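No value in this document is a laboratory result; all are computed from the given coordinates. Note that the structure is a prediction, hence the values are computed from the model and not measured. For neighbour counting, all protein chains shown are included, and Cβ atoms are generated from backbone atoms with ideal geometry for every residue, glycine included.
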Amino acid sequence: MAGSGRRLVAVAAALVAGTLLPSGGMSRSRPSPASPPAWQAPTPGPSAQLAAGALQPFTVRLRAGAPDAQAVVRIDVQSLPDGARVRMQPGNPAVASLTWTPTVRQSGRFALELVATRVDAIAATALRTIVVVVAPPPPVSLVGPGGVSHWAYVLQSTPARAGPSTTARVVASIAELTSERLPNLLSLVREVYDTSGNAWVLARLAVLPNGTVGWVPRAALGSFHRSTTQVVVDRARLRLTLTRSGRVLLTAPIGVGEPRWPTPPGAFYVREVLRNFDSPFYGPVAFGTSARSAVLTDWPGGGFIGIHGTSLPQLIPGRISHGCIRLRNDDIVRLDRLMTVGTPVTIR
């Protein structure tokens, strides 16, 4: 009996220890779980916040591997924004690159879910979330060195606002046509995008007080035109100078406003060209500018300042006009050959 008891205790111990072999003699031990992949450099860290810019190419490089030499890992990215692409090469380690050029309307925050999975053990997965913050494009200056400027025709009537937003205060109403029923245009200073990806342009306006600027929607304007010509009107020396890319092309004596009807100083631009007048008083050609008289506001069209010829060349140079800038006819014809609409005009 004592020997039988010892054998029963040994069997029980074997059962508890799990070492008793089945009748076939084969072990039924459970397979050990596969080791999950681990993220490796240059993968951004957990909850990383990456900076990107609209219209700028953006790349994130990813890498993940498993400790088992025989493992095969793949990388996926969930919640991809429109336009983003992932190129992946499985292996151990697996590598991938995410490339994206955000549009202007994709400014904001984007959470991307990174998934590294062992192909030979689907349950072995590593997750990581990164955040990409896309900034709107930076402001673009439309006035450059060397006398470069830009202008555009107004395609549709639109309000000009104090800021680049539809909620900003209205500064002026911009029409498609000038008071002479010619296509209206604006001289452009700067372009920006709002947080919704809408483009706005800061423009010089042909309104009183002189020097007023306002923001208009980019969609209300036509193509941007580039100009390298500039006009400077010197009221003290009674001379007009035209340059192109800084090189003087024309200088001529002028007539300007009488003291009671002064030619206003400031930064303006050429809005329109008028020809074929019934009266010789304006000469063969006249340029309408964005400058306006502060004292003759009741004039037809609102008292805009022009640059034009004359039927009284003997009065030039002098302070002879109601504010307009007069040139002798041969000089205004030369100016007409060299200058286009959109040209900046500085009156000093």
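For the pair residue 123 and residue 80, a Förster radius of 25 Å applied to the C-beta separation gives a FRET efficiency near 0.55, rounded to the nearest 0.05.
Close amide-amide hydrogen proximity is noted between residue 250 and 242, each under 5 Å apart and 5 or more residues distant or on a separate chain (H modeled in the peptide plane; Pro and chain starts excluded).
Among the trypsin sites (Lys or Arg not before Pro) in region 239-318, those located in a DSSP loop and surrounded by at most 12 other Cβ atoms within 10 Å of their own Cβ are 260. Using a simple spin-label model with pseudo-atoms 7 Å out from Cα toward Cβ, residue 41 and residue 239 lie 6.6 nm apart. Considering helices alone, the calculated mean residue ellipticity of the chain at 222 nm is -2500 deg cm²/dmol, with DSSP H runs of length four and up weighted by -39500 (n - 2.57) and normalised per residue.
Figure legend: label point modelled 7 angstrom from the Cα of residue 133 along Cα→Cβ; no residues of region 59-90 have amide N under 13 Å from it. Would you kindly state how much longer the chain becomes between residue 140 and residue 48 on full extension, computed as 0.36 nm times their sequence separation minus their alpha carbon distance, in nm to one decimal? Extending this stretch completely gives an extra 30.2 nm. Computed over region 229-347, the range of Cα coordinates on each principal axis works out to 37, 28, 26 Å, biggest value leading. The phi-based Karplus calculation (6.51 cos²θ - 1.76 cosθ + 1.60; θ = phi - 60°) puts the 3J(HN,Hα) values of region 115-132 at 10, 10, 10, 7, 5, 7, 7, 4, 6, 8, 9, 10, 10, 7, 10, 10, 10, 10 Hz, whole numbers, x for Gly and Pro.
Local charge for residue 238 was computed over the other residues whose Cβ lies under 14 Å away, with Lys and Arg +1 and Asp and Glu -1, and equals +4. With a simple spin-label model that places each label point 7 Å from the Cα along the Cα-to-Cβ direction, the separation between residue 69 and residue 278 comes to 10.1 nm.
Please work out whether region 234-302 counts as rounded, prolate or oblate from its C-alpha gyration tensor, where a ≥ b ≥ c are the square roots of the eigenvalues and a/c under 1.5 means rounded, while otherwise a/b larger than b/c means prolate and anything else oblate? Since a/c reaches 1.5 but b/c is at least a/b, the shape of region 234-302 is classed as oblate. Labels on offer are (i) 147, 38, 31; (ii) 51, 43, 42; (iii) 63, 48, 45, and the one holding Cα extents along the principal axes in Å computed from this structure is (i). Assuming R0 = 22 Å, can you tell me the calculated FRET efficiency for the pair residue 333 and residue 224, based on Cβ-Cβ distance, to the nearest 0.05? With R0 = 22 Å, the Cβ-Cβ based efficiency is 0.15.
Is there a quick way to get the dipole size of the chain? I mean about its Cα centre, with the Cβ of Lys and Arg at +1 and of Asp and Glu at -1; what is the value in debye to the nearest 20? Please list the in-between numbers first.
Details: 35 positive and 17 negative charges, 159 e Å.
Using Cβ point charges on Lys, Arg, Asp and Glu, the chain gives about 760 debye.
For residue 299 and residue 195, a Förster radius of 51 Å and the Cβ-Cβ distance give a FRET efficiency of 0.75, rounded to the nearest 0.05.
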